[in-house]
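Just so you know, all these numbers are worked out from the coordinates, no wet-lab data involved. Computed from a predicted model, the values in this text were never measured in an experiment. Cβ placement follows ideal geometry from the backbone for every residue including glycine, while neighbour counts extend to all protein chains displayed.
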Amino acid sequence: MTITAVCPGSFDPITMGHMDIITRASSQFDEVTVVVTGNPHKSSGMFTIEERKELIREAVKSLPNVKVDHWAGLLVDYTTAHGINILVKGLRTSLDYEYELPMAQMNRRLTGIDTAFFMTDPKYGYISSTLCKEVTIYGGDVSDMLPEHVAEAMREKLTARPK
């Protein structure tokens with residue numbers, strides 16, 4: 001039996017914390033799909049859905065069993081439509097657990113899918129996409145918190161913004 005997993009998130013942008021979880025999931029499951037969640041017709045975030053997908057594809061190119069997709073509806077509808085066996089979620093703190101637990105229970109109730117919680121490596125525990133964007137906007141250096149091409153894309157995006 002092939003065990004397929006999905007790592008969902010907004011990934012605006014993908015961080016080294018995300019990469020830690022995706023890399024570890026790719027070593028535990030036969031196939032992993034990183035699913036960018038969100039409505040592609042609403043402009044929210046720094047990067048468009050397509051830009052996020054491309055940044056993730058570049059970041060995971062060395063992981064042959066990982067692919068990238070997008071979904072704007074209920075995640076359990078995606079898992080059902082694509083025959084996914086398990087959801088993978090990264091946890092940084094107990095607050096993440098408290099946020100994720102009811103969703104995991106609801107997903108299990110709706111379709112029977114299980115959620116695997118991966119504890120983030122402590123060296124990435126404080127990193128979030130939101131914090132990385134905010135620090136970058138104010139001129140801080142987050143290059144060690146993001147894949148190199150993502151840090152460069154953020155700098156380019158901010159340089160192109162009207163003042």
Under a 5 Å amide H to amide H cut-off, with H placed in plane at 1.01 Å, what residues pair with ALA116 once short-range neighbours are removed? LEU87, VAL88, LYS89
Starting with the fewest neighbours, write out ARG24, ARG155 ranked by other beta-carbon atoms found within 10 Å of each beta-carbon. ARG155, ARG24
Where a ≥ b ≥ c are the square roots of the eigenvalues of the C-alpha gyration tensor, would you call the stretch 22-76 rounded, which needs a/c under 1.5, or, failing that, prolate if a/b is larger than b/c, or oblate? oblate
Rounded to the nearest whole Å³, what is the per residue volume of the convex hull around the Cα atoms of the stretch 4-125? 103 Å³
To the nearest 10 degrees, the tilt of helix 148-160 (Cα long axis) against the first principal axis of the alpha carbons of the chain is 50 degrees
Ranked highest first by the average count of other Cβ atoms within 10 Å around their residues, in what order do 77-84, 100-107 fall? 77-84, 100-107
Please give the FRET efficiency for HIS82 paired with MET103, using the beta carbon to beta carbon distance and R0 = 22 Å, rounded to the nearest 0.05. 0.75
Scoring only Lys, Arg, Asp and Glu (+1, +1, -1, -1) among other residues with Cβ under 10 Å from the Cβ of MET16 yields -2
